[in-house]
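Taking it in order: structure first as C-alpha coordinates, then the write-up.
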Number of protein chains: 2
Amino acid sequence: MALDKGLVLMSDTRTNSGVDNISTFRKMFRWQQPDERIIVLMTAGNLATTQAVISQLEERNKAPDQRHNTLFEAPTMFQVAVEVGRLLRDTIQTSQCDNGQEGEGRFTASMILAGQIKGMQPRLFMLYPEGNFIEASPDTPFFQIGETKYGRPILLRGYEHDMEFEDAVKLLMVSFDSTLKANLSVGMPLDLLVIGRDRFEPLHEKRIDKNDLYFQAISSMWGDSLKEAVHALPEYSFED
Amino acid sequence: MALDKGLVLMSDTRTNSGVDNISTFRKMFRWQQPDERIIVLMTAGNLATTQAVISQLEERNKAPDQRHNTLFEAPTMFQVAVEVGRLLRDTIQTSQCDNGQEGEGRFTASMILAGQIKGMQPRLFMLYPEGNFIEASPDTPFFQIGETKYGRPILLRGYEHDMEFEDAVKLLMVSFDSTLKANLSVGMPLDLLVIGRDRFEPLHEKRIDKNDLYFQAISSMWGDSLKEAVHALPEYSFED
(Lines give C-alpha, C1' and ligand atoms only; values in the text may rest on other atoms or scores of the structure.)
Protein backbone atom coordinates (compact mmCIF):
# COMPACT_ATOMS: atom_id res chain seq x y z
CA MET A 1 0.00 0.00 0.00
CA ALA A 2 1.47 3.36 -1.08
CA LEU A 3 0.73 6.34 1.16
CA ASP A 4 1.91 9.93 1.08
CA LYS A 5 4.16 9.12 4.02
CA GLY A 6 5.62 5.95 2.53
CA LEU A 7 4.84 2.25 2.09
CA VAL A 8 2.99 -0.21 4.34
CA LEU A 9 3.39 -3.90 3.54
CA MET A 10 1.76 -6.96 5.02
CA SER A 11 1.97 -10.65 4.13
CA ASP A 12 0.79 -13.90 5.66
CA THR A 13 2.92 -17.02 6.01
CA ARG A 14 0.68 -19.90 5.07
CA THR A 15 1.63 -22.17 2.23
CA ASN A 16 -0.35 -25.22 1.25
CA SER A 17 -0.33 -28.05 -1.18
CA GLY A 18 -3.82 -29.24 -0.37
CA VAL A 19 -5.48 -28.80 2.98
CA ASP A 20 -3.49 -31.68 4.50
CA ASN A 21 -0.13 -30.18 3.65
CA ILE A 22 0.12 -26.80 5.32
CA SER A 23 3.34 -25.06 6.27
CA THR A 24 4.59 -21.72 7.47
CA PHE A 25 7.02 -19.80 5.26
CA ARG A 26 7.96 -16.19 5.20
CA LYS A 27 6.69 -14.42 2.08
CA MET A 28 8.26 -11.01 2.66
CA PHE A 29 11.93 -10.38 1.88
CA ARG A 30 13.95 -7.24 2.45
CA TRP A 31 17.25 -5.86 1.24
CA GLN A 32 18.72 -2.54 2.18
CA GLN A 33 21.78 -0.34 1.86
CA PRO A 34 22.02 2.25 4.60
CA ASP A 35 20.98 5.73 3.47
CA GLU A 36 20.78 4.54 -0.14
CA ARG A 37 18.02 2.04 -0.87
CA ILE A 38 15.47 -0.33 0.61
CA ILE A 39 13.83 -3.02 -1.49
CA VAL A 40 11.09 -5.45 -0.44
CA LEU A 41 9.60 -8.40 -2.30
CA MET A 42 6.40 -10.18 -1.30
CA THR A 43 5.41 -13.42 -2.95
CA ALA A 44 2.32 -15.48 -3.76
CA GLY A 45 1.90 -18.71 -5.63
CA ASN A 46 4.10 -21.76 -6.03
CA LEU A 47 6.60 -21.87 -3.17
CA ALA A 48 9.37 -23.61 -5.09
CA THR A 49 9.16 -20.90 -7.73
CA THR A 50 9.22 -17.97 -5.33
CA GLN A 51 11.98 -19.49 -3.21
CA ALA A 52 14.06 -20.07 -6.33
CA VAL A 53 13.69 -16.43 -7.33
CA ILE A 54 14.55 -15.16 -3.86
CA SER A 55 17.53 -17.54 -3.60
CA GLN A 56 18.94 -16.37 -6.90
CA LEU A 57 18.62 -12.75 -5.81
CA GLU A 58 20.36 -13.63 -2.54
CA GLU A 59 23.14 -15.49 -4.34
CA ARG A 60 23.90 -12.55 -6.54
CA ASN A 61 23.85 -10.41 -3.47
CA LYS A 62 26.37 -12.55 -1.58
CA ALA A 63 28.81 -12.82 -4.45
CA PRO A 64 28.81 -9.29 -5.71
CA ASP A 65 32.16 -9.53 -7.50
CA GLN A 66 31.19 -12.41 -9.71
CA ARG A 67 27.84 -11.39 -11.03
CA HIS A 68 25.63 -8.50 -11.72
CA ASN A 69 23.89 -7.59 -8.50
CA THR A 70 20.33 -6.80 -9.45
CA LEU A 71 19.09 -5.47 -6.18
CA PHE A 72 21.96 -3.20 -5.22
CA GLU A 73 23.21 -2.10 -8.61
CA ALA A 74 20.04 -1.38 -10.51
CA PRO A 75 19.85 2.40 -10.91
CA THR A 76 16.06 2.62 -10.48
CA MET A 77 13.21 0.64 -8.95
CA PHE A 78 11.92 0.18 -12.49
CA GLN A 79 15.14 -1.64 -13.40
CA VAL A 80 14.78 -3.82 -10.31
CA ALA A 81 11.26 -4.71 -11.45
CA VAL A 82 12.51 -5.60 -14.94
CA GLU A 83 15.23 -7.88 -13.52
CA VAL A 84 13.06 -9.59 -10.90
CA GLY A 85 10.29 -10.01 -13.46
CA ARG A 86 12.71 -11.70 -15.88
CA LEU A 87 13.96 -14.01 -13.12
CA LEU A 88 10.39 -14.90 -12.17
CA ARG A 89 9.40 -15.66 -15.76
CA ASP A 90 12.52 -17.74 -16.43
CA THR A 91 12.04 -19.74 -13.23
CA ILE A 92 8.44 -20.57 -14.07
CA GLN A 93 9.36 -21.44 -17.64
CA THR A 94 12.10 -23.81 -16.50
CA SER A 95 9.76 -25.66 -14.14
CA GLN A 96 6.95 -25.87 -16.63
CA CYS A 97 8.58 -26.62 -19.92
CA ASP A 98 11.93 -28.24 -19.34
CA ASN A 99 11.14 -31.03 -16.93
CA GLY A 100 9.53 -33.54 -19.27
CA GLN A 101 6.57 -33.80 -16.96
CA GLU A 102 3.11 -32.37 -16.94
CA GLY A 103 2.98 -29.10 -15.13
CA GLU A 104 1.32 -26.43 -17.20
CA GLY A 105 0.09 -23.69 -14.89
CA ARG A 106 1.22 -25.39 -11.70
CA PHE A 107 4.31 -23.31 -11.09
CA THR A 108 3.03 -19.80 -11.50
CA ALA A 109 3.68 -17.11 -8.94
CA SER A 110 3.27 -13.38 -8.65
CA MET A 111 5.08 -10.76 -6.60
CA ILE A 112 4.76 -7.32 -5.13
CA LEU A 113 7.91 -5.19 -5.29
CA ALA A 114 8.18 -2.12 -3.08
CA GLY A 115 10.98 0.21 -2.16
CA GLN A 116 12.85 3.42 -2.64
CA ILE A 117 16.24 4.42 -3.99
CA LYS A 118 17.80 7.68 -2.83
CA GLY A 119 16.82 10.72 -4.84
CA MET A 120 13.73 9.03 -6.23
CA GLN A 121 10.16 8.41 -5.08
CA PRO A 122 9.06 5.31 -3.17
CA ARG A 123 7.56 2.93 -5.74
CA LEU A 124 5.24 -0.05 -5.70
CA PHE A 125 4.93 -2.70 -8.44
CA MET A 126 2.99 -5.87 -9.03
CA LEU A 127 4.83 -8.52 -11.06
CA TYR A 128 2.98 -11.11 -13.11
CA PRO A 129 4.13 -14.68 -13.78
CA GLU A 130 4.94 -13.60 -17.35
CA GLY A 131 7.54 -11.21 -15.98
CA ASN A 132 5.73 -8.04 -16.92
CA PHE A 133 4.42 -5.70 -14.25
CA ILE A 134 2.30 -2.70 -13.36
CA GLU A 135 3.01 0.19 -11.03
CA ALA A 136 0.75 1.68 -8.39
CA SER A 137 -0.58 5.18 -9.02
CA PRO A 138 -2.85 7.60 -7.17
CA ASP A 139 -5.83 5.90 -8.86
CA THR A 140 -4.73 2.42 -7.79
CA PRO A 141 -2.58 2.96 -4.74
CA PHE A 142 -2.41 -0.60 -3.42
CA PHE A 143 -1.87 -4.13 -4.72
CA GLN A 144 -2.91 -7.52 -3.46
CA ILE A 145 -1.64 -10.91 -4.58
CA GLY A 146 -2.78 -14.41 -3.65
CA GLU A 147 -6.20 -14.72 -2.00
CA THR A 148 -7.26 -11.16 -2.72
CA LYS A 149 -11.03 -10.99 -2.83
CA TYR A 150 -12.24 -11.32 0.76
CA GLY A 151 -10.07 -8.49 2.00
CA ARG A 152 -10.53 -6.15 -0.94
CA PRO A 153 -13.80 -4.31 -0.11
CA ILE A 154 -12.48 -2.90 3.17
CA LEU A 155 -9.32 -1.67 1.42
CA LEU A 156 -11.34 -0.02 -1.34
CA ARG A 157 -13.47 1.74 1.25
CA GLY A 158 -10.93 2.49 3.93
CA TYR A 159 -7.86 3.62 2.00
CA GLU A 160 -6.89 7.29 2.07
CA HIS A 161 -3.61 8.47 0.60
CA ASP A 162 -2.94 10.83 3.48
CA MET A 163 -3.67 8.37 6.27
CA GLU A 164 -1.30 7.81 9.16
CA PHE A 165 0.86 4.69 9.13
CA GLU A 166 -0.90 3.45 12.27
CA ASP A 167 -4.30 3.71 10.59
CA ALA A 168 -3.03 1.92 7.50
CA VAL A 169 -1.73 -0.92 9.68
CA LYS A 170 -5.14 -1.17 11.35
CA LEU A 171 -6.83 -1.26 7.93
CA LEU A 172 -4.50 -4.00 6.68
CA MET A 173 -5.08 -6.04 9.84
CA VAL A 174 -8.85 -5.80 9.37
CA SER A 175 -8.46 -6.80 5.71
CA PHE A 176 -6.30 -9.80 6.57
CA ASP A 177 -8.60 -10.75 9.43
CA SER A 178 -11.57 -10.89 7.03
CA THR A 179 -9.59 -13.22 4.79
CA LEU A 180 -8.31 -15.36 7.67
CA LYS A 181 -11.88 -15.87 8.83
CA ALA A 182 -13.04 -16.99 5.39
CA ASN A 183 -10.20 -18.96 3.82
CA LEU A 184 -7.86 -21.65 5.11
CA SER A 185 -5.17 -20.88 2.55
CA VAL A 186 -4.27 -17.69 4.43
CA GLY A 187 -2.88 -18.06 7.93
CA MET A 188 -1.05 -16.43 10.82
CA PRO A 189 1.54 -15.22 11.63
CA LEU A 190 1.53 -12.03 9.56
CA ASP A 191 4.60 -9.98 8.63
CA LEU A 192 4.30 -6.22 8.82
CA LEU A 193 6.75 -3.68 7.45
CA VAL A 194 6.44 0.10 7.42
CA ILE A 195 8.81 2.12 5.22
CA GLY A 196 8.93 5.85 5.80
CA ARG A 197 9.71 8.09 2.86
CA ASP A 198 13.44 8.88 2.51
CA ARG A 199 14.51 6.70 5.42
CA PHE A 200 15.95 3.61 3.61
CA GLU A 201 15.42 1.45 6.67
CA PRO A 202 12.21 0.13 8.21
CA LEU A 203 10.34 2.60 10.36
CA HIS A 204 8.60 -0.35 11.95
CA GLU A 205 8.71 -4.11 11.54
CA LYS A 206 6.82 -6.84 13.31
CA ARG A 207 5.81 -10.46 13.09
CA ILE A 208 2.24 -10.68 14.33
CA ASP A 209 1.49 -14.16 15.62
CA LYS A 210 -1.79 -15.58 16.80
CA ASN A 211 -1.05 -14.64 20.41
CA ASP A 212 -0.58 -10.98 19.52
CA LEU A 213 -2.87 -9.14 21.91
CA TYR A 214 -3.46 -6.17 19.65
CA PHE A 215 -4.43 -8.33 16.68
CA GLN A 216 -6.71 -10.42 18.90
CA ALA A 217 -8.42 -7.24 20.08
CA ILE A 218 -8.89 -5.99 16.52
CA SER A 219 -10.20 -9.34 15.38
CA SER A 220 -12.72 -9.73 18.20
CA MET A 221 -13.86 -6.11 18.17
CA TRP A 222 -14.20 -5.89 14.41
CA GLY A 223 -17.20 -8.22 14.34
CA ASP A 224 -19.05 -6.02 16.81
CA SER A 225 -17.95 -2.86 15.00
CA LEU A 226 -19.33 -4.20 11.74
CA LYS A 227 -22.63 -5.16 13.34
CA GLU A 228 -22.92 -1.72 14.86
CA ALA A 229 -22.05 -0.12 11.53
CA VAL A 230 -24.80 -2.12 9.82
CA HIS A 231 -27.27 -1.23 12.56
CA ALA A 232 -26.37 2.45 12.25
CA LEU A 233 -27.41 2.48 8.58
CA PRO A 234 -30.95 3.72 7.89
CA GLU A 235 -33.64 1.10 8.49
CA TYR A 236 -35.02 -0.81 5.54
CA SER A 237 -38.79 -0.70 5.28
CA PHE A 238 -41.11 -3.15 3.51
CA GLU A 239 -43.39 -0.20 2.71
CA ASP A 240 -42.36 1.87 -0.27
CA MET B 1 -30.05 -16.85 4.06
CA ALA B 2 -32.07 -18.90 6.58
CA LEU B 3 -33.33 -17.02 9.65
CA ASP B 4 -35.57 -18.08 12.52
CA LYS B 5 -38.34 -16.03 10.93
CA GLY B 6 -37.91 -17.41 7.42
CA LEU B 7 -35.77 -16.97 4.31
CA VAL B 8 -34.20 -13.87 2.76
CA LEU B 9 -32.95 -14.16 -0.81
CA MET B 10 -31.04 -11.76 -3.01
CA SER B 11 -29.60 -12.08 -6.50
CA ASP B 12 -28.05 -9.76 -9.03
CA THR B 13 -28.91 -9.68 -12.73
CA ARG B 14 -25.62 -9.32 -14.55
CA THR B 15 -24.54 -11.93 -17.04
CA ASN B 16 -21.43 -11.68 -19.11
CA SER B 17 -19.51 -13.48 -21.75
CA GLY B 18 -16.44 -11.32 -21.55
CA VAL B 19 -16.44 -7.71 -20.43
CA ASP B 20 -17.71 -6.57 -23.84
CA ASN B 21 -20.80 -8.75 -23.77
CA ILE B 22 -22.82 -7.82 -20.71
CA SER B 23 -26.55 -8.36 -20.33
CA THR B 24 -29.24 -8.20 -17.69
CA PHE B 25 -31.13 -11.40 -16.88
CA ARG B 26 -33.20 -12.33 -13.89
CA LYS B 27 -31.52 -15.05 -11.81
CA MET B 28 -34.28 -15.59 -9.25
CA PHE B 29 -37.34 -17.69 -10.09
CA ARG B 30 -40.38 -18.36 -7.95
CA TRP B 31 -43.24 -20.85 -7.96
CA GLN B 32 -46.01 -21.00 -5.43
CA GLN B 33 -49.26 -22.72 -4.60
CA PRO B 34 -51.43 -20.68 -2.25
CA ASP B 35 -51.33 -21.90 1.33
CA GLU B 36 -49.36 -24.98 0.31
CA ARG B 37 -45.84 -24.28 -0.95
CA ILE B 38 -43.41 -21.65 -2.16
CA ILE B 39 -40.25 -22.60 -4.04
CA VAL B 40 -37.46 -20.30 -5.22
CA LEU B 41 -34.44 -21.04 -7.40
CA MET B 42 -31.48 -18.73 -7.81
CA THR B 43 -28.86 -19.40 -10.45
CA ALA B 44 -25.19 -18.76 -11.18
CA GLY B 45 -22.99 -19.85 -14.03
CA ASN B 46 -23.65 -20.50 -17.69
CA LEU B 47 -26.84 -18.71 -18.70
CA ALA B 48 -27.86 -21.18 -21.42
CA THR B 49 -27.63 -23.98 -18.86
CA THR B 50 -29.62 -22.24 -16.13
CA GLN B 51 -32.26 -21.00 -18.58
CA ALA B 52 -32.65 -24.54 -19.95
CA VAL B 53 -33.21 -25.89 -16.43
CA ILE B 54 -35.73 -23.18 -15.56
CA SER B 55 -37.53 -23.62 -18.89
CA GLN B 56 -37.86 -27.35 -18.40
CA LEU B 57 -39.30 -26.80 -14.94
CA GLU B 58 -41.72 -24.25 -16.35
CA GLU B 59 -42.75 -26.59 -19.18
CA ARG B 60 -43.60 -29.35 -16.76
CA ASN B 61 -45.48 -26.83 -14.75
CA LYS B 62 -47.59 -25.64 -17.67
CA ALA B 63 -48.49 -29.11 -18.92
CA PRO B 64 -49.24 -30.84 -15.64
CA ASP B 65 -51.29 -33.65 -17.19
CA GLN B 66 -48.60 -34.86 -19.50
CA ARG B 67 -45.60 -35.08 -17.27
CA HIS B 68 -44.45 -35.39 -13.74
CA ASN B 69 -44.55 -31.92 -12.21
CA THR B 70 -41.43 -31.68 -10.10
CA LEU B 71 -42.08 -28.43 -8.38
CA PHE B 72 -45.70 -28.87 -7.35
CA GLU B 73 -45.88 -32.62 -6.84
CA ALA B 74 -42.67 -33.38 -4.98
CA PRO B 75 -43.67 -34.27 -1.43
CA THR B 76 -40.68 -32.57 0.23
CA MET B 77 -38.13 -29.85 -0.50
CA PHE B 78 -35.50 -32.60 -0.47
CA GLN B 79 -37.27 -34.29 -3.37
CA VAL B 80 -37.40 -30.98 -5.22
CA ALA B 81 -33.64 -30.65 -4.71
CA VAL B 82 -33.07 -34.17 -6.05
CA GLU B 83 -35.12 -33.48 -9.17
CA VAL B 84 -33.70 -30.04 -9.90
CA GLY B 85 -30.19 -31.36 -9.27
CA ARG B 86 -30.76 -34.16 -11.78
CA LEU B 87 -32.08 -31.71 -14.35
CA LEU B 88 -29.07 -29.44 -13.81
CA ARG B 89 -26.58 -32.29 -14.17
CA ASP B 90 -28.26 -33.67 -17.29
CA THR B 91 -28.39 -30.25 -18.92
CA ILE B 92 -24.70 -29.63 -18.33
CA GLN B 93 -23.81 -33.11 -19.53
CA THR B 94 -25.77 -32.65 -22.75
CA SER B 95 -24.01 -29.36 -23.54
CA GLN B 96 -20.58 -30.66 -22.68
CA CYS B 97 -20.47 -34.15 -24.03
CA ASP B 98 -22.97 -34.53 -26.80
CA ASN B 99 -22.23 -31.61 -29.05
CA GLY B 100 -19.10 -32.81 -30.79
CA GLN B 101 -17.34 -29.60 -29.85
CA GLU B 102 -14.89 -28.58 -27.22
CA GLY B 103 -16.66 -27.37 -24.15
CA GLU B 104 -15.37 -29.12 -21.06
CA GLY B 105 -16.16 -26.97 -18.04
CA ARG B 106 -17.74 -24.18 -20.02
CA PHE B 107 -21.35 -25.03 -19.26
CA THR B 108 -21.33 -25.48 -15.51
CA ALA B 109 -23.80 -23.76 -13.25
CA SER B 110 -24.87 -23.93 -9.64
CA MET B 111 -28.11 -23.07 -7.90
CA ILE B 112 -29.60 -22.14 -4.58
CA LEU B 113 -32.97 -23.71 -3.82
CA ALA B 114 -35.12 -22.24 -1.06
CA GLY B 115 -38.70 -22.74 0.03
CA GLN B 116 -41.23 -24.33 2.27
CA ILE B 117 -43.96 -26.94 1.88
CA LYS B 118 -46.89 -26.91 4.30
CA GLY B 119 -46.35 -28.91 7.46
CA MET B 120 -42.57 -28.82 7.09
CA GLN B 121 -39.75 -26.41 7.89
CA PRO B 122 -38.42 -23.77 5.46
CA ARG B 123 -35.34 -25.26 3.81
CA LEU B 124 -32.33 -23.96 1.94
CA PHE B 125 -30.09 -25.97 -0.41
CA MET B 126 -27.08 -25.33 -2.60
CA LEU B 127 -26.96 -27.46 -5.77
CA TYR B 128 -23.69 -28.30 -7.48
CA PRO B 129 -23.17 -28.76 -11.24
CA GLU B 130 -22.88 -32.51 -10.59
CA GLY B 131 -26.47 -32.52 -9.36
CA ASN B 132 -25.66 -33.26 -5.73
CA PHE B 133 -26.39 -30.71 -3.03
CA ILE B 134 -25.94 -29.60 0.56
CA GLU B 135 -28.45 -28.14 2.98
CA ALA B 136 -28.05 -25.13 5.24
CA SER B 137 -27.89 -25.80 8.97
CA PRO B 138 -27.51 -23.65 12.10
CA ASP B 139 -23.72 -23.92 11.65
CA THR B 140 -23.86 -22.78 8.01
CA PRO B 141 -27.07 -20.81 7.71
CA PHE B 142 -26.47 -19.07 4.38
CA PHE B 143 -25.20 -19.92 0.92
CA GLN B 144 -23.62 -17.87 -1.83
CA ILE B 145 -23.09 -18.82 -5.47
CA GLY B 146 -21.24 -17.04 -8.23
CA GLU B 147 -18.85 -14.26 -7.22
CA THR B 148 -18.90 -15.12 -3.50
CA LYS B 149 -15.70 -13.91 -1.91
CA TYR B 150 -15.92 -10.11 -1.72
CA GLY B 151 -19.25 -10.17 0.08
CA ARG B 152 -18.55 -13.08 2.39
CA PRO B 153 -16.71 -11.47 5.34
CA ILE B 154 -19.59 -9.12 6.17
CA LEU B 155 -22.05 -12.03 6.09
CA LEU B 156 -19.83 -14.13 8.35
CA ARG B 157 -19.62 -11.27 10.83
CA GLY B 158 -23.08 -9.78 10.58
CA TYR B 159 -25.37 -12.82 10.42
CA GLU B 160 -27.50 -13.66 13.46
CA HIS B 161 -30.14 -16.36 13.27
CA ASP B 162 -32.66 -14.29 15.22
CA MET B 163 -32.25 -11.07 13.27
CA GLU B 164 -35.19 -9.15 11.85
CA PHE B 165 -35.92 -9.45 8.15
CA GLU B 166 -35.20 -5.74 7.71
CA ASP B 167 -31.73 -6.14 9.24
CA ALA B 168 -31.01 -9.16 7.07
CA VAL B 169 -31.96 -7.16 3.97
CA LYS B 170 -29.61 -4.40 5.06
CA LEU B 171 -26.83 -6.94 5.58
CA LEU B 172 -27.37 -8.49 2.14
CA MET B 173 -27.36 -5.06 0.51
CA VAL B 174 -24.05 -4.21 2.16
CA SER B 175 -22.63 -7.56 1.07
CA PHE B 176 -23.76 -7.06 -2.53
CA ASP B 177 -22.56 -3.47 -2.50
CA SER B 178 -19.06 -4.64 -1.52
CA THR B 179 -19.08 -7.04 -4.46
CA LEU B 180 -20.52 -4.48 -6.88
CA LYS B 181 -17.72 -2.08 -5.97
CA ALA B 182 -15.03 -4.69 -6.61
CA ASN B 183 -16.16 -6.82 -9.53
CA LEU B 184 -17.70 -6.03 -12.90
CA SER B 185 -19.32 -9.46 -13.23
CA VAL B 186 -21.91 -8.54 -10.62
CA GLY B 187 -24.33 -5.72 -11.44
CA MET B 188 -27.55 -3.95 -10.61
CA PRO B 189 -30.49 -4.30 -10.47
CA LEU B 190 -30.83 -6.71 -7.54
CA ASP B 191 -33.80 -8.95 -6.85
CA LEU B 192 -34.93 -9.27 -3.25
CA LEU B 193 -37.39 -11.79 -1.85
CA VAL B 194 -38.44 -12.29 1.77
CA ILE B 195 -40.33 -15.45 2.70
CA GLY B 196 -41.98 -15.54 6.10
CA ARG B 197 -42.26 -18.89 7.85
CA ASP B 198 -45.60 -20.65 7.13
CA ARG B 199 -46.87 -18.00 4.74
CA PHE B 200 -46.31 -19.66 1.33
CA GLU B 201 -46.28 -16.35 -0.44
CA PRO B 202 -43.67 -13.58 -0.41
CA LEU B 203 -43.77 -11.32 2.60
CA HIS B 204 -41.84 -8.79 0.54
CA GLU B 205 -40.48 -8.63 -2.96
CA LYS B 206 -38.59 -5.91 -4.73
CA ARG B 207 -36.38 -5.17 -7.70
CA ILE B 208 -33.73 -2.75 -6.53
CA ASP B 209 -32.36 -0.76 -9.44
CA LYS B 210 -29.51 1.69 -9.52
CA ASN B 211 -31.85 4.60 -8.87
CA ASP B 212 -33.20 3.06 -5.66
CA LEU B 213 -32.80 5.81 -3.07
CA TYR B 214 -32.46 3.44 -0.12
CA PHE B 215 -29.73 1.38 -1.79
CA GLN B 216 -27.92 4.56 -2.83
CA ALA B 217 -28.01 5.76 0.77
CA ILE B 218 -26.70 2.43 2.08
CA SER B 219 -23.96 2.37 -0.53
CA SER B 220 -22.75 5.90 0.10
CA MET B 221 -23.04 5.70 3.89
CA TRP B 222 -21.37 2.31 4.18
CA GLY B 223 -17.98 3.68 3.15
CA ASP B 224 -18.10 6.25 5.92
CA SER B 225 -19.45 3.73 8.40
CA LEU B 226 -16.55 1.40 7.67
CA LYS B 227 -14.00 4.17 8.05
CA GLU B 228 -15.55 5.15 11.37
CA ALA B 229 -15.57 1.52 12.47
CA VAL B 230 -11.87 1.21 11.66
CA HIS B 231 -11.12 4.47 13.47
CA ALA B 232 -13.06 3.29 16.51
CA LEU B 233 -10.77 0.26 16.89
CA PRO B 234 -7.91 0.66 19.38
CA GLU B 235 -4.92 2.58 18.00
CA TYR B 236 -1.94 0.62 16.75
CA SER B 237 1.34 1.68 18.28
CA PHE B 238 4.87 1.25 16.90
CA GLU B 239 6.08 0.90 20.48
CA ASP B 240 5.62 -2.57 21.96
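Quick notes on this structure:
- The residue of region B:188-240 that is modelled with the lowest pLDDT, among those that are aromatic (Phe, Trp, Tyr) and either under 25 Å from residue A:232 (Cβ atoms) or assigned to a helix (DSSP H, G or I) (or both), is B:222.
Results for (1) within 7 Å of another protein chain (Cβ to nearest Cβ); (2) in contact with a strand residue (DSSP E or B) (Cβ under 8 Å, 6 or more places away or on another chain); (3) touching a residue at least 60 places away in the same chain (Cβ under 8 Å), shown as yes or no for each residue.
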position: B:202; (1), (2), (3): no, yes, yes
position: B:207; (1), (2), (3): no, yes, no
position: B:210; (1), (2), (3): no, no, no
position: B:213; (1), (2), (3): no, no, no
position: B:218; (1), (2), (3): yes, no, no
position: B:224; (1), (2), (3): no, no, no
position: B:229; (1), (2), (3): yes, no, no
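- Selection from region B:134-174 of residues that are in contact with a strand residue (DSSP E or B) (Cβ under 7 Å, 6 or more places away or on another chain) and not in a loop (DSSP other than H, G, I, E, B): B:134, B:135, B:165, B:168, B:169, B:172
- Residue tally, condition more than 7 Å from chain B (Cβ to nearest Cβ) and of a type outside the set (A, V, I, L, M), over region A:148-166: 8
- Within region B:190-213, considering residues that are more than 12 Å from residue B:40 (Cβ to Cβ) and acidic (Asp, Glu), the one nearest to the chain's Cα centre (by Cα): B:209
- Residue A:177 vs. criteria charged (D, E, K, R), in a helix (DSSP H, G or I) and either buried (at least 18 other Cβ atoms within 10 Å of the Cβ) or away from chain B (no Cβ under 14 Å) (or both): yes
- Residue match in region A:114-127 (condition: within 13 Å of another protein chain (Cβ to nearest Cβ) and within 15 Å of the chain's Cα centre (by Cα)): no
- Looking across region A:20-50, the residues that are in a helix (DSSP H, G or I) and not polar (S, T, N, Q) come down to A:47, A:48.
- Of everything in region B:111-161 that is surrounded by 15 or more Cβ atoms within 10 Å (Cβ to Cβ) and among the charged types (D, E, K, R), the residue that is nearest to residue B:4 (Cα to Cα) is B:123.
The values are calculated or read from the model by the stated rules, or taken from the named source; none is laboratory data. In this text, all values refer to a predicted model and were calculated from it rather than measured experimentally. Please note: Cβ atoms are built from the backbone with ideal geometry, for glycine as well, and neighbour counts cover all protein chains shown.
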